[in-house]
Amino acid sequence: MREKQLTLRQFLLLDHRQHALEKDLIFLLEDIATSCRIISNHVRSGAFVGNLGSAGSTNIQGETQKQMDVLANEEFVRHCSNCGRVAALVSEEVDEVYWLKSNPEPGDYLVYFDPLDGSSNLELNLSVGSIFSVVRIAHAIDASDDRSVLRAGHEQVCAGYSVYGPSTSLVVTTGNGVNCFTHQQGTGEFRLTHPDMRIPEETSEFAINASRYKLWDAPIQRYFDECIAGRDGPREKTFNMRWVASMVAEVHRILTRGGVFLYPCDDGNRTDGGKLRLMYEANPMGMIIEQAGGAASTGTERIMDVTPTSHHQRVAVILGSKSEVALLEKYHAEAVPNQ
Ligand code: P6P
């Protein structure tokens, strides 16, 4: 084993000593890690249990729920309720807010999560994952009003995801960089294997669902056309494309080797506000990407500055290597008709 690969607990205690990470947040993060460990086990044994298919229900998003979506949601709810400092949970899989405390107190946490992102990949044995976001409330909030959980992404104190791939990785930021822990078979520990992940400012790799080309707005089409034009085009370099249809896998690749991921608003999803959800997909991934030296934008606004109006709100997402995000923002600004 390379130099002592810290366990998650050892790392978080170091974070506590060096950056005053709250002990309650350590307990919560360990509960989230437990959820991810158990979900990973469910995913890896799904073919034997026979629960990789549809649950025969639809979630608030109008998507067909997989049995594993329901299981993963139950694990997050069960374990995030342990530490006694969680005031409410917001899950992609459930319409209403789970209020765990009738009188939330200053210092309590709000936890937002997508318990199993990319679950349409389950039956294909492709990577899926869980995404989570944590906000700490500074003042008491009204548990009878779901609008109390509407917090902008810059209020997050912690964000992360787990990716259930060839190995199970847990990627976490508490505001002091991004660190990746890998689940160790046998001991069950999450060990620090990729400390201080950084995104290169430049890239020649983009990720977008190109089948939606005709639906895109001009700035996205312009960016895509220039990438495809390669050396002969205005970018004067060759680009590579990836599309896994699993946001956690795309983000993990970008954290590992750079790149840019786009899921814009288009003529097919504009009435919904886009495809990806702000509170438990775009915001947590936005914090992670920024903490690793990248950028996360709607094309016209920093994602973490978007003021939420509903806890299942959707948003356009462009995130990854800073120079590509900046170019896409430039194309959006140039496309706006002169006021
Ligand atoms: P498409 C998965 O359903 C998801 O929410 C993200 O994880 C992923 O990036 C995107 O949708 C895939 O969308 O259009 O390829 O189905």
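The values are calculated or read from the model by the stated rules, or taken from the named source; none is laboratory data. What you are looking at is a predicted structure, and each value in this text was computed from that prediction instead of being measured. Please note: Cβ atoms are built from the backbone with ideal geometry, for glycine as well, and neighbour counts cover all protein chains shown.
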When you scan the stretch 217-229, do you find a residue that is within 24 Å of Val135 (Cβ to Cβ) and either of a type in the set (Ser, Thr, Tyr) or within 14 Å of the ligand (Cβ to nearest atom) (or both), even just one? no
Taking Gly153, is it under 12 Å from the mean Cα position of the chain (by Cα) and within 16 Å of the ligand (Cβ to nearest atom)? no
Of the numbered conditions (1) out of contact with any Lys or Arg (no Cβ under 8 Å at 6 or more places or on another chain); (2) at pLDDT below 95, Asp196 fails exactly one; give the number of that condition. (2)
From the set of residues in the stretch 270-284 that are at negative phi and within 11 Å of the ligand (Cβ to nearest atom), which is surrounded by the most Cβ atoms within 10 Å (Cβ to Cβ)? Ala282
Would you check if Asn51 is surrounded by fewer than 19 Cβ atoms within 10 Å (Cβ to Cβ), part of a loop (DSSP other than H, G, I, E, B) and away from the ligand (no atom under 16 Å from the Cβ)? yes
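Residues checked against (1) surrounded by fewer than 23 Cβ atoms within 10 Å (Cβ to Cβ); (2) assigned to a loop (DSSP other than H, G, I, E, B); (3) away from the ligand (no atom under 14 Å from the Cβ):
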position	(1), (2), (3)
Lys237	yes, yes, yes
Arg253	yes, no, no
Gly268	yes, yes, no
Thr307	yes, yes, yes
Tyr331	yes, no, yes
Pro337	yes, yes, yes
Can you tell me which condition Ala87 does not meet? The list is (1) under 27 Å from Ser246 (Cβ atoms); (2) small (Gly, Ala, Ser); (3) crowded, with 20+ Cβ neighbours inside 10 Å, and all the others hold. (1)
Does Gly273 satisfy the condition of being without any contact (Cβ under 8 Å) to a residue 60 or more places away in the chain and among the small types (Gly, Ala, Ser)? yes
Check the stretch 98-117 and report whether any residue there is surrounded by fewer than 24 Cβ atoms within 10 Å (Cβ to Cβ) and within 16 Å of the ligand (Cβ to nearest atom). no
Within the stretch 160-168, identify whether any single residue is without any contact (Cβ under 8 Å) to a residue 60 or more places away in the chain and part of a strand (DSSP E or B), and answer yes or no. no
Scanning the stretch 1-46 for residues that are among the hydroxyl-bearing types (Ser, Thr, Tyr) and at pLDDT below 95 gives Ser45
Taking the stretch 239-251 and keeping only residues that are outside any loop (DSSP other than H, G, I, E, B) and either within 16 Å of the ligand (Cβ to nearest atom) or closer than 14 Å to Ile289 by Cβ (or both), one is left with Met241, Arg242, Met247, Val248, Ala249, Glu250, Val251
